[in-house]
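Step one of this worksheet: look at the structure below.
Derivation of every value follows stated rules applied to the coordinates shown; laboratory data play no part. Keep in mind that this is a model prediction, so the values were computed, not measured. Quick reminder, even Gly has a Cβ in these numbers, built from the backbone with ideal geometry, and neighbours come from all protein chains shown.
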Amino acid sequence: MSNYHIKHLEEYFQVYRKSVNNPEEFWEEIAEEHFIWRKKWDSILEWDFSKPEVKWFEGAQLNITENCLDRHLTTRADKTAILFEPNNPEEPSEHITYRQLHERVCRFANVLHDKGIKKGDRVCVYLPMIPELAISILACARIGAIHSVVFAGFSSTALSTRINDCDAKMVITSDGGYRGAKTIDLKTIVDEALEDCPGVKDVLVAKRIHSEVDMKSGRDHWLQPLLEEAYSDYTAEIMNAEDPLFILYTSGSTGKPKGMLHTTAGYMVYSAYTFKNVFQYKENDVYWCTADIGWITGHSYIVYGPLANGATTVMFEGVPSYPDYGRFWNIVQKHKVTQFYTAPTAIRALAKQGTELVDKYDLSSLKVLGTVGEPINEEAWHWYNDNVGKKKSPIVDTWWQTETGGIMITPIPFSTPTKPTYATLPFIGIQPTLMDEKGNEIKGNKVDGRLCIKFPWPSMARTIWGNHQRYKDTYFSAFENMYFTGDGALRDEVGYYRITGRVDDVIIVSGHNIGTAPIEDAINEHPAVAESAIVGFPHDVKGSALYGYVTLKDMSEDRNHDNLRKEINQVITEHIGPIAKLDKIQFTDGLPKTRSGKIMRRILRKIACKEADQLGDISTLLNPEVVQNIMDEAL
Ligand code: WT7
């Protein structure tokens with residue numbers, strides 16, 4: 001029993017050893033005791049990384065929504081499942097209980113069924129962060145359709161590419177969405193996308209912003225009236241353990257987006273088990289992850305992981321800056337949030353505002369803080385720890401990927417001592433290792449290399465939709481019998497992991513391997529600096545040299561930029577050494593970012609290499625407008 005909930009470090013090591021020495025026995029016990037099954041498995045694990053093929057709980061039958069909804073109706077029917085906080089703070093928040101959520105999912109499932117959606121069909125969901133987003137994916141899962149959520153900030157081209165790649169029959173969208181002071185006309189974007197998507201037969205449209213939209217007769221249907229007419233119960237489709245649950249697209253370093261396919265049983269077991277332990281979730285907690293359900297973080301840690309544990313999960317429609325930069329802290333106070341999970345880019349944006357707004361609210365309900373998505377720099381870590389956690393809430397720096405389905409390397413709060421910028425130790429059942437360029441495993445501590453995983457875990461993606469060869473080439477070909485993550489990492493003297501960034505972000509300067517993340521960390525320590533990004537550019541003598549793009553906390557500040565450049569290089573020299581000094585430093589108003597907040601170094605690299613004519617598609621950026629400025633002022 002106790003294996004489900006780890007409470008101290010010794011227990012972590014003990015359970016970890018068990019999970020690695022006897023993985024099948026370990027996962028069988030977790031699956032047996034904490035989930036409901038229509039039929040138990042014939043085998044726990046079958047795997048072969050050379051194909052690659054991985055099967056967990058083969059022969060088992062279940063429906064994930066019975067685990068996320070039905071089973072809570074006897075014990076938690078009136079507990080809030082989803083706590084919806086609207087964009088506009090004046091609009092009341094909505095508490096959706098487990099009973100209500102069950103009913104709404106069943107009604108939605110009936111609507112899908114009536115529109116002819118069957119087990120195995122693909123349904124594309126393009127919705128803002130409103131309850132219908134969570135409800136629609138659960139409804140797909142209830143009838144056995146494969147959902148493919150596309151983040152509602154993507155353009156019509158990005159949307160049509162994804163719809164066509166997985167051959168979706170239906171799109172679920174809304175008239176529009178609120179984002180801070182702005183509204184976004186999603187239906188118009190869908191209409192544009194569908195000009196290139198002949199396979200889409202039906203579009204369900206939720207009303208959110210009450211805008212005028214074109215409804216194409218025969219194809220487009222208002223969602224709410226259909227839900228009202230629908231029957232309020234729906235018998236869940238019985239799924240096999242390895243039946244697909246969802247597809248989620250992630251961008252590769254080249255080529256079109258990769259549709260990562262996740263399957264049912266393993267994903268459910270791992271997302272639920274990690275949620276319970278990484279956030280130390282207790283029955284009356286109010287958990288909040290600020291991600292969008294359009295990303296894997298939202299799938300695993302807003303919807304499936306929390307609901308499988310009967311948790312209360314906050315769903316926030318808006319942005320951190322609306323109506324002001326105190327909004328996150330206002331929500332924490334208002335709902336007495338106990339676990340708060342966000343991204344380093346959000347922390348840096350909030351830190352830039354100083355501490356006045358964070359001090360204005362009562363954050364004493366917080367017990368655990370989390371970060372995910374990119375390496376967190378030391379300055380942001382301390383700001384988060386000091387001002388949000390008041391030095392009493394452990395920070396879980398969780399490393400994982402769309403491909404891994406769940407958290408892989410992370411501290412367990414109150415068990416693992418944290419260390420700024422370190423994701424620390426592997427989660428239960430995870431066997432990471434570091435490899436050198438020649439394909440040898442690097443043993444011992446105080447080493448760095450390419451991060452790989454040696455053994456399957458339940459929630460790993462099983463393939464890339466429609467392209468198994470690409471799945472094999474991308475993840476299982478760099479190193480024999482290993483899953484290659486694409487990240488570099490170091491292991492310190494006690495065995496803690498620190499993710500140093502994508503391996504492709506390593507720059508060789510005068511024969512030295514230089515990771516961009518540690519330099520950015522160093523620069524960000526300078527009191528005037530808000531954010532920075534380092535790329536390489538060709539250099540006659542050094543091979544490559546370093547080009548830094550730096551945004552300042554106060555761009556209007558009348559500072560002598562040459563002095564500032566000297567100071568920045570001084571900080572780098574102090575933290576890393578003169579080898580990592582920057583040849584060029586460009587001050588800029590902003591850095592180009594993906595919708596998930598990652599700095600697009602590819603674009604910055606092209607500009608630094610004077611190849612700005614080959615920028616490629618920048619339309620999916622969060623802020624494409626900064627690119628022209630950076631080009632105009634390039635050094
Ligand atoms: C890549 C995966 C997993 C949900 C969000 C991102 C980077 C992620 C961390 C972390 C350092 C991190 C890695 C990884 N990353 N978390 N805690 N520390 N780097 O999912 O879009 O699939 O991106 O994000 O480089 O490979 P994703």
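The order of 391, 593, going from fewest to most other C-beta atoms within 10 Å of their C-beta, is 391, 593. Each of 100, 126, 143 was scored by the projection of its Cα onto the charge dipole of the range 93-145, and the greatest displacement toward the positive side belongs to 143; charges sit on the C-beta of Lys, Arg, Asp and Glu. From least to most packed, judged by other beta carbons within 10 angstrom and beginning with the fewest, 362, 397, 175 follow the order 362, 175, 397. Starting from the amide H of residue 424, placed 1.01 Å from N in the peptide plane, find each other amide H under 5 Å away whose residue is 5 or more places distant or on another chain. The list, which skips near neighbours in sequence, is 497. Annotation: amide H of residue 370 within the under-5 Å range of 340, 341, 342, 396, sequence separation 5 or more or interchain, hydrogens built in the peptide plane. Sorting the segments 260-266, 98-104 by their residues' average number of neighbouring beta-carbon atoms within 10 angstrom, most packed first, yields 260-266, 98-104. Here's how it looks for residue 206: its modeled amide H is under 5 Å from those of 173, 174, 175, 223, which are all 5 or more places away or on a different chain. Residue-wise HN-Hα couplings along the range 378-388, as the Karplus relation 6.51 cos²θ - 1.76 cosθ + 1.60 with θ = phi - 60° gives them from phi, are 4, 5, 5, 4, 5, 4, 4, 5, 6, 9, 9 Hz; Gly and Pro carry x. The Cα center of the range 2-31 and the Cα center of the range 329-365 differ in position by 33 Å. Placing unit charges on each Cβ (+1 for Lys and Arg, -1 for Asp and Glu) gives the range 358-468 a dipole about its Cα centre, and among 412, 384, 400 the Cα reaching farthest toward its positive end belongs to 412. Each Lys and Arg contributes +1 and each Asp and Glu -1, all at the Cβ; summed about the Cα centre of the range 307-459, the dipole is approximately 380 debye. Among 418-427, 108-117, 472-481, 165-174, sorting by the average number of other beta carbon atoms lying within 10 angstrom of each residue, highest first, gives 165-174, 418-427, 108-117, 472-481. Cβ crowding within 10 Å ranks 270, 231 as 231, 270, fewest other Cβ atoms first.
For the range 441-455, the Karplus equation 6.51 cos²θ - 1.76 cosθ + 1.60, evaluated at θ = phi - 60°, returns couplings of 6, 9, 8, x, 10, 6, 9, 9, x, 8, 7, 10, 10, 8, 9 Hz by residue, with Gly and Pro reported as x. Based on Cα contacts under 8 Å between residues 6+ apart, the range 97-201 shows a relative contact order of 28 percent. Find the centroid of the Cα atoms in the range 136-173 and in the range 268-324, then give the distance between the two in whole Å. For the range 136-173 versus the range 268-324, the Cα centre distance is 21 Å. In order along the range 194-207, phi translates into HN-Hα couplings of 6, 4, 9, 10, x, x, 7, 9, 9, 10, 9, 10, 7, 9 Hz, rounded to whole numbers, per the Karplus curve 6.51 cos²θ - 1.76 cosθ + 1.60 with θ = phi - 60° and x for Gly and Pro.
Per DSSP H run of n ≥ 4, the term is -39500 (n - 2.57); total these for the chain, divide by its residue number, and report the mean residue ellipticity at 222 nm rounded to 500 deg cm²/dmol. Taken over the chain, the calculation gives -8000 deg cm²/dmol.
Restricting attention to the range 1-100, the count of lysine pairs at 8 or more positions apart or across chains with alpha carbons under 21 Å apart stands at 4.
DSSP finds beta bridges in the chain, and of those with both partners inside it, around 60 percent are antiparallel.
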